Amino acid sequence: MKTAFDDLMKKEDLHDDLLPWVTDDMLPMVKHPIVMMFYPRGYAGLVNKCYKQKCKMRDEFLAKNQIRNLIEIVYEKPYRVNALVKFAHKLSNADYWQTLASIWTSTEYIHADHDIWYELLNDQRGHRSAMMDKAEKAELKKLPKEIVIYRGGSAKGWSWTLDEQVAQWFAKRFDQGLVTHKQTVKKSEVVALLNHRSEHEIIWIGERK
């Protein structure tokens, strides 16, 4: 039976589409929007196979207008926010906000695409509450008109939490002497409350860009 190791060790030049996306460090790595992986130079069988499979999935999702699947399954994590920008016009309002919430939760460094996120979060389309599930909506509804939120590290970010201990963990996780910030904000300014990671996350932009 043929295995992924057989594909990995197959002598094959890298697909032409992938050549501009190679970073040439100690071990070459492809950083294409739909495939990211290391490969031994001259042995591109596995990465080529993965790319072709992803292309097939992309075409099938597009043909069926399954845009959420296209963005969240075909595109690699660092490129999903850009894919959302590209395909936003094909999404219903609810799907737009649900996809945005999913990408937000899986993104480690929001600041890397700061301006893009700012525009996406401030989109004026309706049903923004679709970012939250039923439990998250209920938790937000129970909060008072003014709430205390916390953030570990820089105070300039948009990801806050209702839980001070969570903020303290983020402040200390890299042992860089960062501090925990505290802010009182109006509930009406909150974009969403997300609890996918049990962090009681509050997305709050305020008046800052």
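The values are calculated or read from the model by the stated rules, or taken from the named source; none is laboratory data. Since this is a predicted model, take the numbers as computed values, not measurements. No Cβ is skipped: glycine too gets one built from the backbone with ideal geometry, and neighbour counts run over all protein chains shown.
For region 156-172, the candidate set comprises residues that are under 20 Å from Trp104 (Cα atoms) and of a type in the set (D, E, K, R); within that set, the residue that is surrounded by the fewest Cβ atoms within 10 Å (Cβ to Cβ) is Lys156.
Checking the condition over 22 Å from the mean Cα position of the chain (by Cα), over 28 Å from Lys90 (Cα atoms) and not charged (D, E, K, R), which residue from Ala63, Ala44 passes? Even if it seems obvious, please write down each step before you answer.
Working: Ala63 fails: over 28 Å from Lys90 (Cα atoms).
After ruling out the rest, the residue left standing is Ala44.
A count restricted to region 150-175 and to residues that are touching a residue at least 24 places away in the same chain (Cβ under 8 Å) and of a type in the set (Asp, Glu) stands at 1. Name the residue that is surrounded by the fewest Cβ atoms within 10 Å (Cβ to Cβ), counting only residues in region 86-113 that are among the aliphatic types (A, V, I, L, M) and over 13 Å from Ile203 (Cβ atoms). Among those residues, the one meeting the criterion is Ala112.
Scanning region 32-50 for residues that are surrounded by 15 or more Cβ atoms within 10 Å (Cβ to Cβ) and either not aliphatic (A, V, I, L, M) or not in a strand (DSSP E or B) (or both) turns up His32, Pro33, Ile34, Tyr39, Tyr43, Ala44, Gly45, Leu46, Val47, Asn48, Lys49, Cys50.
Quick check: anything in region 109-123 of a type in the set (Phe, Trp, Tyr) and in a helix (DSSP H, G or I)?
yes
Hey, does region 108-123 have a residue that's assigned by TED's automatic domain parsing to the domain that holds Trp97 and of a type in the set (Gly, Ala, Ser)? Yes, that holds for at least one residue.
Residue under question is Phe170, and the condition is that it be among the aromatic types (Phe, Trp, Tyr), modelled with pLDDT under 95 and assigned to a helix (DSSP H, G or I); does it hold? Walk me through how you get there before you give the answer.
On the way: among the aromatic types (Phe, Trp, Tyr): yes; modelled with pLDDT under 95: yes; assigned to a helix (DSSP H, G or I): yes.
So Phe170 fits the description; yes.
From the list Ala101, Ala138, Ala88, Ala94, the one residue that fits, being part of a helix (DSSP H, G or I), small (Gly, Ala, Ser) and touching a strand residue (DSSP E or B) at 6+ places or on another chain (Cβ under 7 Å), is Ala101.
Inspect region 96-108 for any residue being in contact (Cβ under 8 Å) with a residue 24 or more places away in the chain, under 18 Å from Val185 (Cβ atoms), of a type outside the set (Lys, Arg) and in contact with a helix residue (DSSP H, G or I) (Cβ under 9 Å, 6 or more places away or on another chain) and give the result as yes or no. Checking region 96-108: not a single residue is in contact (Cβ under 8 Å) with a residue 24 or more places away in the chain, under 18 Å from Val185 (Cβ atoms), of a type outside the set (Lys, Arg) and in contact with a helix residue (DSSP H, G or I) (Cβ under 9 Å, 6 or more places away or on another chain). Exactly one condition in (1) touching a helix residue (DSSP H, G or I) at 6+ places or on another chain (Cβ under 7 Å); (2) in contact (Cβ under 8 Å) with a residue 40 or more places away in the chain is not met by Pro78; state its number. Among (1) touching a helix residue (DSSP H, G or I) at 6+ places or on another chain (Cβ under 7 Å); (2) in contact (Cβ under 8 Å) with a residue 40 or more places away in the chain, the lone unmet condition for Pro78 is (1).
Considering only region 192-209, how many residues are among the acidic types (Asp, Glu), within 21 Å of the chain's Cα centre (by Cα) and either on the phi > 0 side of the Ramachandran plot or outside any strand (DSSP E or B) (or both)? Give the derivation first.
Start the filter on region 192-209 by keeping residues that are among the acidic types (Asp, Glu), which leaves 199, 201, 207.
Those left that are additionally within 21 Å of the chain's Cα centre (by Cα): 199, 201.
Narrowing the set further to residues that are either on the phi > 0 side of the Ramachandran plot or outside any strand (DSSP E or B) (or both) leaves 199.
Of the residues in that region, 1 qualify.
Evaluation of Pro144 against the conditions (1) surrounded by fewer than 17 Cβ atoms within 10 Å (Cβ to Cβ); (2) modelled with pLDDT under 95; (3) of a type outside the set (Lys, Arg); (4) in a loop (DSSP other than H, G, I, E, B) shows that the sole unmet condition is (2). Residue count for region 174-191 satisfying the condition of being assigned to a strand (DSSP E or B), touching a helix residue (DSSP H, G or I) at 6+ places or on another chain (Cβ under 8 Å) and either surrounded by 14 or more Cβ atoms within 10 Å (Cβ to Cβ) or among the hydroxyl-bearing types (Ser, Thr, Tyr) (or both): 4.
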